[in-house]
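Every read-out reported here was derived from the displayed coordinates using simple, explicitly stated rules and does not represent laboratory data. If you're wondering where the values come from, they're calculated on a predicted model, not measured in any experiment. Cβ placement follows ideal geometry from the backbone for every residue including glycine, while neighbour counts extend to all protein chains displayed.
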Amino acid sequence: MNLTPIVNQLRAYAPSFGKRVASAADYDPQAAASTSMKRPCAYVVFDGLELEESPNTQKVRQVIRESFSVFVEIDMGKGDERGASLVPEIHRLRKEIFRSLIGFRPDDECDPIQAKSVQIDSFNRSVAIVVFEFFTEYMVGRFVKGQDPETWQDAEIAGLKPFDGMDVDVDVIDPIADPNLKKPGPDGRVEFQFSVETNDENASS
């Protein structure tokens, strides 16, 4: 998953961070005290992806759900060991983050981002960490001529010659069938022949 569009979106539309948003391969809450960014700040982390089983056994198409989290670090107020000021701060930041990401499409193939959960990961006398979880979905296996194949089945289809036409032999049943047969045709005789041509560049045999 490309996290750069998500980072840029938060930098542009969540002003409370003052552009203090970065991507990370992982996030360790224990290292929050030594962070180099002024708080509040955010780290965007890719969580993983899940694939649904293809509903079609002939053409494999799978829905992929990619998940990511936004870890937000918030300074705790002096003397506020119970975090009384934390809830309104989370509410304020949540509105900015949701406005930035819900409905945003990180690229053309993805569905709009949806929120999954918001939870306080941890807090101490100096810093609180709040996790915002999101996901987006897209389908793999939707081959369109001119685009790069996404699956092996797509690659095979891409290698087929264009379908430019076909010849059709028609062996009708009745009433042209041989009346001497015990059962109506087809009797193996071709009564009609015709050809079909197509100029559809997207068709393949």
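With one equal scatterer per alpha carbon and no solvent term, the Debye-computed log10 I(q)/I(0) for the range 1-67 at 0.29 1/Å reads -1.24.
Please give the FRET efficiency for Asp111 paired with Val168, using the beta carbon to beta carbon distance and R0 = 41 Å, rounded to the nearest 0.05.
Working: r = 42 Å, r/R0 = 1.03.
With a Förster radius of 41 Å, E is 0.45.
The modelled label-to-label distance for the pair Glu52/Thr4, using points 7 Å beyond Cα in the direction of Cβ, is 3.0 nm. Shown in residue order for the range 96-109 are the 3J(HN,Hα) couplings computed by the Karplus curve 6.51 cos²θ - 1.76 cosθ + 1.60 at θ = phi - 60°: 5, 5, 4, 4, 7, 10, 5, x, 7, 9, x, 7, 5, 7 Hz (x for Gly and Pro). Neighbours of Ser100, meaning other residues whose beta-carbon lies under 12 angstrom from its beta-carbon, give a summed charge of +3 when Lys and Arg score +1 and Asp and Glu score -1.
Each of Gln147 and Phe194 was given a label point 7 Å from its Cα along the Cα-to-Cβ line. The distance between the two points is 3.5 nm. Projected label points at Asp121 and His91, each 7 Å from Cα along the beta carbon direction, are separated by 2.4 nanometres. Sequence-distant or interchain residues sharing an amide H contact under 5 Å with Asp47, placed H: which? Close amide H contacts, sequence-distant or interchain: Ser67, Phe68, Ser69.
Pulled fully out, how much extra length does the chain show between Lys38 and Lys161, if you take 0.36 nm times their separation in residues and subtract their Cα-Cα distance?
Details: separation 123, 0.36 × 123 = 44.28 nm, distance 5.89 nm.
38.4 nm is the gain from fully extending Lys38 to Lys161.
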